[in-house]
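Chemist: Please see the structure below; I have some questions.
The values are calculated or read from the model by the stated rules, or taken from the named source; none is laboratory data. Just so it is clear, the model here is predicted, and its values are computed rather than measured. Glycine also receives a Cβ, built like all others from the backbone with ideal geometry; neighbour counts cover every protein chain displayed. These accessible areas exclude ligands, DNA and RNA; they are computed on the full protein's heavy atoms, side chains included. Shrake-Rupley method; radii C 1.70, N 1.55, O 1.52, S 1.80 Å.
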Amino acid sequence: MNTIDAETLRSWLEAGRQVVVLDVRSAADRASWAIPGSLHVDAYADLKALDPHALDGVSLPADIPVVTVCNSGHTSLIASRQLQTRGIEAISLEGGMRAWSLSWNTADVLLKDSNAQVIQIRRVGKGCLSYLIGSQNEAVVIDASLDPEVYLNLAQSRGWRITAVLDTHIHADHLSRSRLLAEQSDATVYLPDQQRVAYPFMPVRHGSIIKVGEASLMVIPTPGHTQESISYLLDRQALFTGDTLFLQGVGRPDLHASVEEARAHAQLLHHSLHHHLLLLPARTLILPGHTNTPAPFDKIPLTASLGDLRNQVKLLQLSESEFVETLVSRIPPVPPNHERIIELNEAGSLIENPIELEAGANNCAVS
Ligand SMILES: [Fe+2]
């Protein structure tokens, strides 16, 4: 065996199997995104030049398989062959980091005073977080960013039937799988009330309630990141904030906007945070729509209490004018292909192979 596909590597890591992942990309490529727990050697140029000594300085355990990784699976194959000549069991990740983009892992979120169970599903190849919430024999999915099969299998393994599929806003960094998931599970799609999406959906607005078994999700409008952005409050315990509030920052206010419009959106975001979300009890668990670092295969949910975030996220301590100016001055690079992604999400369309279109780390946050 000379290669391994991304799904097999994903399942090895999820199962805790011993494997060394060796990233041979340039430091610049690695800086944008990486496989959690991987080792790095900046050997890309030497391997490309077929230098037989490219990996000489790398020390690796003799008895653990090594998976070599590059951008698209070609240079990593050269690396794995070089390691094989040293007697190391080395295989190359097919399709490299591009193929890894669809990888995921899960973590259970424990809630103290709710009968609902929450699974955080981390698209670890890109940083998108989605959620499966089950109660009795029903489940809802929030912000589906992976193949519907992932959610259908997880729901089935817990004895749940997916009855509702929800998005927090019209996404710009990944293709929403919500419409397809709803079709495949015979569920209803709930979206914020807006005029952008062209396919049939159930609009939700301030105070709308979506029931799942014995639990309920309440809609809180939180415009700012986008005009239609909403958050969902589960049993007054957990808040799914989409791209409004992250564990290290807040949502960017600028996509499809001039600087003046971005300022107005930042003002809206400040209002949403301070007049809605931050008024909730400090113990409310925040479950965001993205993470800016790859989630480890550690089953530990990425979450924090609202009280902790109030203390830790400096942006939340700024006055409105400070907040607006700080946000506008820290806007990250625009996500590649966002205009096409928005267009497809508004149409409710998917494409055959989304990997190229969705390439790149998410850039949804300002911190
Ligand atoms: Fe977003």
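Chemist: When the residues of the range 326-342 are filtered to those that are over 30 Å from GLU352 (Cβ atoms) and touching a residue at least 60 places away in the same chain (Cβ under 8 Å), which remaining residue is nearest to the chain's Cα centre (by Cα)? If you could, list the steps in order and put the result at the bottom.
Modeler: The initial filter retains those residues of the range 326-342 that are over 30 Å from GLU352 (Cβ atoms), namely 326-331.
Pick out the ones that are also touching a residue at least 60 places away in the same chain (Cβ under 8 Å) and you get 327-328, 331.
Values: LEU327: 21, VAL328: 23, ILE331: 19 Å.
The qualifying residue nearest to the chain's Cα centre (by Cα) is ILE331.
Chemist: Of the residues that sit in the range 156-193 and are open to solvent by less than 10 Å² (accessible area, probe 1.4 Å) and over 19 Å from the mean Cα position of the chain (by Cα), which one is nearest to SER11 (Cα to Cα)?
Modeler: Only one residue tops the list, namely ILE162.
Chemist: Return the residue satisfying two criteria in turn: it lies in the range 159-169 and is aliphatic (A, V, I, L, M) and either within 11 Å of ASP143 (Cβ to Cβ) or at pLDDT below 95 (or both), and of such residues it is nearest to the ligand (Cβ to nearest atom). Let's see the steps before the verdict.
Modeler: Within the range 159-169, the first condition is being aliphatic (A, V, I, L, M), and the residues that meet it are 162, 164-166.
Checking which are either within 11 Å of ASP143 (Cβ to Cβ) or at pLDDT below 95 (or both) leaves us with 165-166.
On the way: VAL165: 17, LEU166: 14 Å.
Across the range 159-169, the extreme among qualifying residues is LEU166.
Chemist: If you take the residues of the range 80-108 that are in a strand (DSSP E or B) and hydrophobic (A, V, I, L, M, F, W, C), which of them is nearest to THR293 (Cα to Cα)?
Modeler: Here is the first cut: in the range 80-108, the ones in a strand (DSSP E or B) are 90-93, 105-108.
From what is left, the residues that are hydrophobic (A, V, I, L, M, F, W, C) are 90-91, 93, 107.
Values: ALA90: 26, ILE91: 25, LEU93: 21, ALA107: 15 Å.
By that ranking, first place goes to ALA107.
Chemist: Looking at the range 292-319, I want the residues that are open to solvent by 30 Å² or more (accessible area, probe 1.4 Å) and have a partner that is among the acidic types (Asp, Glu) and outside any loop (DSSP other than H, G, I, E, B) with Cβ atoms under 6 Å, at least 6 apart or on another chain. Which pairs are those?
Modeler: Sorted first by the residue in the range 292-319, then by its partner, the pairs are PHE297/GLU14.
Listed here are the residues, each with its yes/no results for (1) open to solvent by less than 50 Å² (accessible area, probe 1.4 Å); (2) assigned to a strand (DSSP E or B).
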position	(1), (2)
GLN195	no, no
GLY207	yes, no
ILE210	yes, yes
LEU217	yes, yes
GLY224	yes, no
GLU228	yes, no
TYR232	yes, yes
LEU239	yes, yes
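Chemist: Criterion first (part of a helix (DSSP H, G or I) and either surrounded by 14 or more Cβ atoms within 10 Å (Cβ to Cβ) or modelled with pLDDT of 95 or more (or both)) does LEU60 satisfy it? Break it down into steps so the answer makes sense when it comes.
Modeler: Details: part of a helix (DSSP H, G or I): no; either surrounded by 14 or more Cβ atoms within 10 Å (Cβ to Cβ) or modelled with pLDDT of 95 or more (or both): yes.
Judged against the criteria, LEU60 is not a match.
Chemist: Only one of these is touching a Pro at 6+ places or on another chain (Cβ under 9 Å) and assigned to a helix (DSSP H, G or I): LEU278, LEU327. Name it.
Modeler: Details: LEU278 fails: touching a Pro at 6+ places or on another chain (Cβ under 9 Å).
Of the residues listed, the single one that is touching a Pro at 6+ places or on another chain (Cβ under 9 Å) and assigned to a helix (DSSP H, G or I) is LEU327.
Chemist: In addition: Keeping to the range 196-246, report how many residues are away from the ligand (no atom under 14 Å from the Cβ) and either within 27 Å of ALA295 (Cα to Cα) or of a type outside the set (Lys, Arg) (or both).
Modeler: Here is the first cut: in the range 196-246, the ones away from the ligand (no atom under 14 Å from the Cβ) are 197-221, 232-239.
Filter once more, so that each one left must be either within 27 Å of ALA295 (Cα to Cα) or of a type outside the set (Lys, Arg) (or both): 197-204, 206-210, 212-221, 232-239.
Counting residues in the range 196-246 that are away from the ligand (no atom under 14 Å from the Cβ) and either within 27 Å of ALA295 (Cα to Cα) or of a type outside the set (Lys, Arg) (or both) gives 31.
Chemist: Inspect all residues belonging to the range 259-275 and state whether any of them is at pLDDT 95 or above, closer than 23 Å to TYR232 by Cα and not in a helix (DSSP H, G or I).
Modeler: Checked against the condition, which is being at pLDDT 95 or above, closer than 23 Å to TYR232 by Cα and not in a helix (DSSP H, G or I), the range 259-275 yields no hits at all.
Chemist: Report yes if PHE323 is open to solvent by less than 60 Å² (accessible area, probe 1.4 Å) and either free of Cβ contacts under 8 Å to residues at least 12 places away in the same chain or more than 16 Å from the ligand (Cβ to nearest atom) (or both), otherwise no. Give the derivation first.
Modeler: Details: open to solvent by less than 60 Å² (accessible area, probe 1.4 Å): yes; either free of Cβ contacts under 8 Å to residues at least 12 places away in the same chain or more than 16 Å from the ligand (Cβ to nearest atom) (or both): yes.
Judged against the criteria, PHE323 is a match.
Chemist: What residue, of VAL150, VAL165, is closer than 20 Å to VAL124 by Cβ and of a type in the set (Val, Ile, Thr)?
Modeler: On the way: VAL165 fails: closer than 20 Å to VAL124 by Cβ.
VAL150 is the lone residue from the list that is closer than 20 Å to VAL124 by Cβ and of a type in the set (Val, Ile, Thr).
Chemist: Does ILE342 meet the test of being in a helix (DSSP H, G or I) and under 24 Å from HIS265 (Cβ atoms)? Please lay out each step first, then the result.
Modeler: Numbers: in a helix (DSSP H, G or I): yes; under 24 Å from HIS265 (Cβ atoms): yes.
The answer is yes for ILE342.
Chemist: If you don't mind, another one. Can you tell me which residue within the range 252-266, out of those that are over 14 Å from VAL366 (Cα atoms) and in contact with a helix residue (DSSP H, G or I) (Cβ under 7 Å, 6 or more places away or on another chain), is farthest from the ligand (Cβ to nearest atom)? Reasoning before the result, please.
Modeler: If we filter the range 252-266 for residues that are over 14 Å from VAL366 (Cα atoms), which is where we start, we get 256-261, 264.
So of that shortlist, the ones also in contact with a helix residue (DSSP H, G or I) (Cβ under 7 Å, 6 or more places away or on another chain) come out as 257, 259.
Details: ALA257: 13, VAL259: 19 Å.
That would be VAL259.
Chemist: So which residues in the range 135-158 are within 16 Å of the ligand (Cβ to nearest atom) and in contact with a helix residue (DSSP H, G or I) (Cβ under 8 Å, 6 or more places away or on another chain)?
Modeler: Answer for the range 135-158, where residues must be within 16 Å of the ligand (Cβ to nearest atom) and in contact with a helix residue (DSSP H, G or I) (Cβ under 8 Å, 6 or more places away or on another chain): ASP143, ALA144.
Chemist: Is one or more of the residues making up the range 116-130 open to solvent by 10 Å² or more (accessible area, probe 1.4 Å), over 21 Å from ALA15 (Cβ atoms) and either within 16 Å of the ligand (Cβ to nearest atom) or in a strand (DSSP E or B) (or both)?
Modeler: There is at least one residue in the range 116-130 that is open to solvent by 10 Å² or more (accessible area, probe 1.4 Å), over 21 Å from ALA15 (Cβ atoms) and either within 16 Å of the ligand (Cβ to nearest atom) or in a strand (DSSP E or B) (or both).
Chemist: List the pairs whose first member sits in the range 20-48 and is over 22 Å from ASN105 (Cβ atoms), whose second member is among the acidic types (Asp, Glu) and surrounded by fewer than 15 Cβ atoms within 10 Å (Cβ to Cβ), and whose Cβ atoms are under 9 Å apart, counting only residues at least 6 apart or on separate chains?
Modeler: Within 9 Å, the pairs are VAL24/ASP42; SER26/ASP42; ALA27/ASP42; ALA43/ASP51; ALA45/ASP51.
Chemist: Further question: Given the conditions (1) away from the ligand (no atom under 12 Å from the Cβ); (2) open to solvent by 30 Å² or more (accessible area, probe 1.4 Å); (3) touching a residue at least 60 places away in the same chain (Cβ under 8 Å); (4) not hydrophobic (A, V, I, L, M, F, W, C), which single one is not true for GLY249?
Modeler: All conditions pass for GLY249, except number (2).
Chemist: Then there is this: Any idea which of (1) at pLDDT 95 or above; (2) of a type outside the set (S, T, N, Q); (3) open to solvent by less than 30 Å² (accessible area, probe 1.4 Å); (4) within 16 Å of the ligand (Cβ to nearest atom) is the one GLU343 doesn't satisfy?
Modeler: (3)
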